[in-house]
Amino acid sequence: MKFEVLTLFPDIFNAVMRESIVGRAQENGIVEVNAVNIRDYSKDKHRKVDDYPFGGGTGMVMTCQPVIDAYEDLTKDLETKPRVIYMSPQGRVLTQDMAKELSEEKHLILLCGHYEGIDERIIEEIVDEEISIGDYVLTGGELPAMVLIDCVSRLLQGVLASEDSYSEESHFNGLLEYPQYTRPADYKGNKVPEILLSGHHANIEKWKMEQSLERTKLKRPDMYEAYQKKL
Ligand SMILES: Nc1nonc1C(=O)N[C@@H]1CC[C@H](O)C1
């Protein structure tokens, strides 16, 4: 799967996306992250990519020309145009179900805003969908883009050790995950639940489901209600 990111800060992606699990997925050719510097497409003699907003207001707005020319350049030889996602607080908030849906794509273009945002005509011309990572405002769309790349990439075949790695985790099955424990079985008198040491797999699975239901009901009653409705 190929992610092409339109950004003013490509080095952020090159630093983070070469590390750990996404980095290994890139080395294995499962994922490709290509960060494209919007500023390289500016026709302004000072390589400007932003300007003052019409109608007043604070901050700067990213201008149309560099972003749209960058998009045109990335897609000029492509038969089918990839989906363009603008990372924005006005978008649909990213969920595990959306990540699963996005993981079916072969090629995505992610647009990272900066400053106060981008000229609306960019959205009208090239953006297919706005996606938010949460109801708060950041300084740029780079972290949201990396969050999306991370949560989508880990669903791709061969990225995690096994599919089981995510099939029982929080949000995948509509519930929060059960508590996890590892060695030592007794840490300063705080012991791992006996059931997990019993070797009785049916009872262990039953305990895990009970724990998932209990903590979802406690921590995320909204998810618990939605889960109950689906039964
Ligand atoms: N929350 C979010 N989920 O996706 N993106 C954001 C976000 O706050 N973006 C910033 C808004 C102005 C600046 O351009 C970038």
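What the table below lists for this structure:
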| read-out | value |
| --- | --- |
| Pairs where the first residue, in segment 101-114, is in contact (Cβ under 8 Å) with a residue 40 or more places away in the chain and the second is among the acidic types (Asp, Glu) and within 15 Å of the ligand (Cβ to nearest atom), C-beta under 9 Å, 6+ apart | 112/142; 114/50; 114/142 |
| Pairs where the first residue, in segment 194-208, is over 14 Å from residue 179 (Cβ atoms) and in a loop (DSSP other than H, G, I, E, B) and the second is open to solvent by less than 50 Å² (accessible area, probe 1.4 Å) and among the aromatic types (Phe, Trp, Tyr), C-beta under 7 Å, 6+ apart | none |
| Test result for residue 180, open to solvent by 80 Å² or more (accessible area, probe 1.4 Å) and not assigned by TED's automatic domain parsing to the domain that holds residue 91 | yes |
| Any hit, segment 50-67, residues being among the aromatic types (Phe, Trp, Tyr) and modelled with pLDDT of 95 or more | yes |
| Entirely in segment 75-176, the helices (runs of 4 or more DSSP H) that have 1 or more residues that are open to solvent by less than 50 Å² (accessible area, probe 1.4 Å) and within 9 Å of the ligand (Cβ to nearest atom) | 142-153 |
| Failed item in (1) within 20 Å of the chain's Cα centre (by Cα); (2) over 19 Å from residue 3 (Cα atoms), with residue 140 passing the rest | (2) |
| Hey, residue 51 open to solvent by 40 Å² or more (accessible area, probe 1.4 Å), within 16 Å of the ligand (Cβ to nearest atom) and in the same structural domain as residue 121 (by TED's automatic domain parsing) or not | yes |
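The values are calculated or read from the model by the stated rules, or taken from the named source; none is laboratory data. Remember, it's a predicted structure, so these values are computed and weren't measured experimentally. Backbone-built Cβ (ideal geometry, glycine too); neighbour counts: all protein chains shown. Note: accessible area is taken over every heavy atom of the protein model, side chains too, but ligands, DNA and RNA are not part of it. Shrake-Rupley method; radii C 1.70, N 1.55, O 1.52, S 1.80 Å.
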